[in-house]
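As structure tokens, the structure follows; a few thoughts come after it.
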Amino acid sequence: MSPSTSTTPSLVELIARADERGLAAAALACLDRCLPLLDPQAADQLRPLWLGVARAGDGWPDRLAEARAAVEAGAAPADAEEAALVRRMLDTAPGAWAREPLREWADVCSLAALELHHRLCAAPSPGLAEVLERCRTGRSEGVGPLADGELRRQVRVLEVLADGAAGGLRRALDLSAEGRRVLQAVLSRRSRTV
């Protein structure tokens, strides 16, 4: 089946269909995977927000403030452009637990995470605008292994939360941790070759 006739929902479609919990988890998972670009030792700084997602936004503004403070306390010198993209992901997190601001946040984080993974990919691939367009519309061929892996994780997080099965959030956390390990390995290799 060709990509143009695929019945698999694109990332854009999955974000459009997601509820508040799915949108917040999708955005947070992107941020979680990319946090090592701001803090190589990143681990539990985003735990308050994950707890907020698990509790359907209960105490969200306080949890957001706590996570922002934790990230700022641990932030290390990093590539300026990459760090700015990660900071943007956190800075655009909405203080209100409502569908539209959470959808906008999910969109920002999705695009930033795909851009960051594209930047880290050593393999030749199309320009950034084309990579983002392909990824968002489900045509990820030729975008490079890191961007393709990030796209698959983003789609999977939205899918596991959309089906409402018990353990969906746990699976989203696992996917995020897996992606973070991949990114940390890439950063480690990059630091050895600089």
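The values are calculated or read from the model by the stated rules, or taken from the named source; none is laboratory data. Keep in mind the model is a prediction, meaning the values are calculated, not measured. Cβ atoms come from the backbone with ideal geometry, glycine included; neighbour counts cover every protein chain shown. What goes into the accessible areas is simple: the full protein's heavy atoms, side chains included, and nothing from ligands, DNA or RNA. Shrake-Rupley method; radii C 1.70, N 1.55, O 1.52, S 1.80 Å.
Leaving out ligands, DNA and RNA, what percent of the accessible area of the chain is carbon and sulfur, probe 1.4 Å?
Answer for the chain is 52 percent, counting heavy atoms of protein chains only.
Using every Cα-Cα pair within the chain, state what percent have a distance larger than 30 Å.
Of all Cα-Cα pairs in the chain, 15 percent lie more than 30 Å apart.
If I take every Cα pair under 8 Å that is 6 or more residues apart in the chain, average their sequence separation and divide by the length, what percent do I get for the relative contact order?
Averaging sequence separation for qualifying contacts and normalising by length gives 31 percent for the chain.
Could you compute how fast the range 23-103 diffuses translationally, taking Rh as the Kirkwood radius over C-alpha pairs and applying Stokes-Einstein at 10 °C with viscosity 1.306 mPa s? Give it in µm² per second.
The Stokes-Einstein estimate is 126 µm²/s.
Please flag any cysteine in the chain that has no other cysteine's Cβ under 4.7 angstrom from its own Cβ.
Lone cysteines by the Cβ rule: Cys34, Cys121, Cys135.
Leaving out ligands and nucleic acids, note down the accessible area per residue over the range 44-194 with a 1.4 angstrom probe, in whole Å².
49 Å²
Could you work out how far apart the two model spin labels at Asp163 and Ala83 are, taking each label as a point 7 Å from the Cα in the direction of the beta carbon, and quote it in nm?
4.1 nm
Using only protein heavy atoms and a 1.4 Å probe, report how much of Glu100 is accessible, in Å² to the nearest 10.
90 Å²
Mind telling me which of Ala80, Ala112, Ala172 comes out most flexible in a GNM of the chain, alpha-carbon contacts under 10 Å?
Ala80
With a 1.4 Å probe and all protein chains kept in place, how much accessible area does Ser188 have, in Å² rounded to the nearest 10?
About 50 Å², rounded to the nearest 10.
Between Ala69 and Arg171, what is 0.36 nm times their sequence separation minus the Cα-Cα distance? Round to one decimal in nm.
Stretched out fully, the Ala69 to Arg171 stretch lengthens by 34.1 nm.
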